[in-house]
Amino acid sequence: MPERVITRFAPTPSGPLHVGHLLAALSARRLADAHGGHCLLRVEDIDVTRSRSREWVELMYEDLAWVGLRFDGEVMVQSTRFDVYAQALERLKSMGLLYPCFCTRAEIKAQIAEMGRAPHATLGCLYPGTCRHLSPEQAAERIARGDAHAWRIDMQRAQDLIGCPLWHDLHRGVQRCVPTEYGDVVLARKEMPASYHLAVVVDDAAQGVTHVTRGMDLFAATNIHRVLQAVLALPVPAYCHHGLLCDNAGKRLAKRDGARSLASLRAAGYSAQQVLDSLHTALANKGIWQV
Ligand code: GLU
């Protein structure tokens with residue numbers, strides 16, 4: 001164990017906080033408390049195209065206060081840190097690890113269809129790498145022309161540089177990451193100057209996070225994060241991916257399902273203690289949420 005355990009809860013304000021968020025928040029708080037550590041709060045509001053995110057952030061503070069969850073230190077707000085992410089991006093560019101991609105979503109879909117099958121993917125369909133083959137002159141010309149583009153990481157180059165790094169999941173032991181299995185993911189695009197993957201590793205390092213607790217839905221993404229930590233020479237936290245809540249039919253609760261939002265449970269007359277009790281009952285019952 002490091003000298004001080006630092007965990008974090010890092011919600012994206014794309015809607016009201018949901019019982020699944022509460023599980024993630026409680027897991028982070030508990031792990032910190034079990035070791036006399038700190039649990040920080042980070043608002044992951046980098047998607048500036050979401051018009052209602054301010055509103056959701058306000059509601060999030062109300063919900064957290066209602067359930068009595070407290071966090072240590074200052075709140076980090078990602079939308080104030082685009083300059084820091086831009087620096088990380090420049091560093092990756094200067095290492096020759098990024099390339100501009102001009103493909104639209106429809107083009108990528110068509111390219112994959114033409115190949116007859118999607119390239120092997122752990123995280124959905126992988127980008128087939130079309131723009132990786134543009135010459136630097138061709139790419140520069142298209143950028144100068146003002147063509148819309150995203151910046152992708154060249155995972156083969158990353159793998160040549162760092163090999164297959166390891167990371168540790170507290171429940172599942174040592175994991176070996178093969179960078180090329182995750183595809184050349186987008187790290188930035190015009191309307192979103194830093195992707196979740198880039199911002200999360202930069203910020204976990206900036207906040208000194210020693211233990212990342214979050215749901216199993218992000219287990220595969222941790223491999224991408226591990227690649228970025230390796231190429232940017234950032235410290236590597238331990239990971240703790242918890243199970244996800246599901247309904248009676250075993251279907252994962254959707255984040256957008258308003259009925260399981262803390263605000264709607266509160267409006268329906270449930271007390272914070274009842275919601276916390278229901279969460280404990282769900283955890284003792286294969287994650288099945290009954291309310
Ligand atoms: N912001 C992400 C979410 O709300 C969680 C990110 C993380 O814990 O790394 O799903």
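The values are calculated or read from the model by the stated rules, or taken from the named source; none is laboratory data. The structure presented is a predicted model; accordingly, all values stated were derived computationally and were not measured. Positions of Cβ are backbone-derived with ideal geometry, glycine not excepted, and every protein chain shown enters the neighbour counts. Note: accessible area is taken over every heavy atom of the protein model, side chains too, but ligands, DNA and RNA are not part of it. Shrake-Rupley method; radii C 1.70, N 1.55, O 1.52, S 1.80 Å.
Anything in segment 199-212 that is within 14 Å of VAL236 (Cα to Cα) and not β-branched (Val, Ile, Thr)? List them, or say none. Matches in segment 199-212: ASP203, ASP204, ALA205, ALA206, GLN207, GLY208, HIS211.
Only residues that are modelled with pLDDT of 90 or more, more than 10 Å from the ligand (Cβ to nearest atom) and in a helix (DSSP H, G or I) were counted across segment 28-54, and they come to 6. Is at least one residue of segment 87-101 within 16 Å of the ligand (Cβ to nearest atom), surrounded by fewer than 20 Cβ atoms within 10 Å (Cβ to Cβ) and not in a helix (DSSP H, G or I)? Scanning segment 87-101, I find no residue that is within 16 Å of the ligand (Cβ to nearest atom), surrounded by fewer than 20 Cβ atoms within 10 Å (Cβ to Cβ) and not in a helix (DSSP H, G or I), so the answer is no.
Here GLN111 clears all of (1) open to solvent by 30 Å² or more (accessible area, probe 1.4 Å); (2) more than 21 Å from GLY243 (Cα to Cα); (3) out of contact with any Cys (no Cβ under 8 Å at 6 or more places or on another chain) except the condition numbered (3). Among the residues making up segment 216-246, those that are open to solvent by less than 10 Å² (accessible area, probe 1.4 Å), within 12 Å of the ligand (Cβ to nearest atom) and part of a helix (DSSP H, G or I) are ALA221, THR222, ILE224, HIS225. Being away from the ligand (no atom under 13 Å from the Cβ) and either among the small types (Gly, Ala, Ser) or loosely packed, with under 12 Cβ neighbours inside 10 Å (or both) is the filter here; which residues of segment 249-263 pass it? Those that are away from the ligand (no atom under 13 Å from the Cβ) and either among the small types (Gly, Ala, Ser) or loosely packed, with under 12 Cβ neighbours inside 10 Å (or both): ALA249, GLY250, LYS251, GLY258, ALA259, SER261, ALA263. Restricting segment 55-68 to residues that are open to solvent by 20 Å² or more (accessible area, probe 1.4 Å) and among the aliphatic types (A, V, I, L, M) leaves a set whose member that is nearest to the ligand (Cβ to nearest atom) is LEU59. Just so you know, in segment 1-26 the residues that are more than 10 Å from the ligand (Cβ to nearest atom) and out of contact with any helix residue (DSSP H, G or I) (no Cβ under 8 Å at 6 or more places or on another chain) include one that is most open to solvent (accessible area, probe 1.4 Å), and it is GLU3. If the condition is being buried (at least 20 other Cβ atoms within 10 Å of the Cβ) and in a loop (DSSP other than H, G, I, E, B), then segment 171-186 contributes CYS177, GLY183, ASP184, VAL185.
Does VAL77 meet the test of being closer than 27 Å to HIS211 by Cα and open to solvent by less than 40 Å² (accessible area, probe 1.4 Å)? Break it down stepwise before answering.
On the way: closer than 27 Å to HIS211 by Cα: yes; open to solvent by less than 40 Å² (accessible area, probe 1.4 Å): yes.
Judged against the criteria, VAL77 is a match.
Regarding segment 135-150, can at least one residue be identified that is under 20 Å from the mean Cα position of the chain (by Cα) and either in a loop (DSSP other than H, G, I, E, B) or hydrophobic (A, V, I, L, M, F, W, C) (or both)? Among the residues of segment 135-150, at least one is under 20 Å from the mean Cα position of the chain (by Cα) and either in a loop (DSSP other than H, G, I, E, B) or hydrophobic (A, V, I, L, M, F, W, C) (or both), which makes the answer yes. Every residue in segment 187-215 that is more than 10 Å from the ligand (Cβ to nearest atom), at pLDDT 95 or above and either polar (S, T, N, Q) or open to solvent by 50 Å² or more (accessible area, probe 1.4 Å) (or both), please. Of everything in segment 187-215, those that are more than 10 Å from the ligand (Cβ to nearest atom), at pLDDT 95 or above and either polar (S, T, N, Q) or open to solvent by 50 Å² or more (accessible area, probe 1.4 Å) (or both) turn out to be SER195, ALA206, GLN207, THR210.
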